[in-house]
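Data block below; observations after.
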Amino acid sequence: MTTTLTILSIYTGMSLLCFILFFIDKTRSEANGWRIAELYLHIVELLGGWPGAYLGQKYIRHKTKKLKYKLILWLITFIHLAFWAYLIYGLSTKFWW
């Protein structure tokens, strides 16, 4: 398996996991049941599931009103995008300076 395929598989798997966790948490929220801690959702996002979190917000309509949650998600997204921008551009050019 190539490195690119491995990376895409990790992002896809973590995004799917995050989307499923959003669905479970939303279902439990509506039933006033036991909830998934936001910390666990953020850990999955940090491990590559942040695209699934955005899809969960859009299609499940979950975690859309909590500003603190959204700010942390945006920060996680920025960290991932900055990391990839650095790997793609920063190693071959003076991207940051």
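One line per residue, one yes/no per condition, for (1) modelled with pLDDT of 95 or more; (2) closer than 30 Å to THR27 by Cβ; (3) among the polar types (S, T, N, Q):
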position: GLY56; (1), (2), (3): yes, yes, no
position: ILE60; (1), (2), (3): yes, yes, no
position: ILE72; (1), (2), (3): yes, yes, no
position: HIS80; (1), (2), (3): yes, yes, no
position: TRP84; (1), (2), (3): no, no, no
position: SER92; (1), (2), (3): no, no, yes
position: TRP96; (1), (2), (3): no, no, no
Query raised in the report: Quick one: how many residues across region 1-51 are touching a Phe, Trp or Tyr at 6+ places or on another chain (Cβ under 7 Å) and modelled with pLDDT under 95?
Result: 0
Query raised in the report: In region 28-44, is there at least one residue being more than 14 Å from HIS62 (Cα to Cα), free of Cβ contacts under 8 Å to residues at least 60 places away in the same chain and touching a Cys at 6+ places or on another chain (Cβ under 6 Å)?
Result: yes
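To keep it simple, each residue is scored yes or no on (1) farther than 19 Å from THR4 by Cα; (2) under 9 Å from the mean Cα position of the chain (by Cα); (3) aromatic (Phe, Trp, Tyr); (4) surrounded by fewer than 16 Cβ atoms within 10 Å (Cβ to Cβ).
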position: VAL44; (1), (2), (3), (4): yes, yes, no, no
position: TRP50; (1), (2), (3), (4): no, yes, yes, no
position: TYR59; (1), (2), (3), (4): yes, no, yes, yes
position: ALA82; (1), (2), (3), (4): no, no, no, yes
position: TYR89; (1), (2), (3), (4): no, no, yes, yes
Report summary line: Residue pairs within 9 Å by beta carbon, gap of at least six or interchain, first lying in region 55-67 and more than 9 Å from PHE23 (Cβ to Cβ), second of a type in the set (A, V, I, L, M), listed first then second, are GLN57/LEU73; LYS63/LEU41; LYS63/ALA53; LYS63/LEU73
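The values are calculated or read from the model by the stated rules, or taken from the named source; none is laboratory data. Model, not experiment: these values are computed from the prediction. Please note: Cβ atoms are built from the backbone with ideal geometry, for glycine as well, and neighbour counts cover all protein chains shown.
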